[in-house]
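For reference, the structure is listed below as structure tokens.
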Amino acid sequence: MRILFINNDGGGFADHIDVTEGTSVTQLFAQRLPNRKAEDYLIRVNRLPVAADHVLQADDRVSITPIKIEGADHFKAA
């Protein structure tokens, strides 16, 4: 089945991809961002936060956005 996958990590590309029916959000994350921690990302399906075991449906819009940016320093007031 086909979904729209928006990866906001780095280039922020969007692409229609094929996934196996029954694929969960956790499985998609592991496939697309191996060796990364899901807790470092905001994961939404159709613009809404979902549970890790949420099963994707055809035509879903999945966005994965980092909430921690490596190398970024907190703003310090002088």
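Derivation of every value follows stated rules applied to the coordinates shown; laboratory data play no part. Nothing here was measured: the structure is a model prediction, and the numbers come from that model.
Rounded to the nearest Hz, the phi-derived 3J(HN,Hα) couplings of segment 36-42 under the Karplus curve 6.51 cos²θ - 1.76 cosθ + 1.60 (θ = phi - 60°) are 10, 9, 4, 5, 8, 9, 9, where x marks glycine and proline. Scanning residues 5 or more positions from Thr23 or on other chains, those with amide H under 5 Å from its amide H are Leu56, with H placed 1.01 Å from N in the peptide plane. Taken over segment 1-55, the convex hull of the Cα atoms encloses 82 Å³ per residue.
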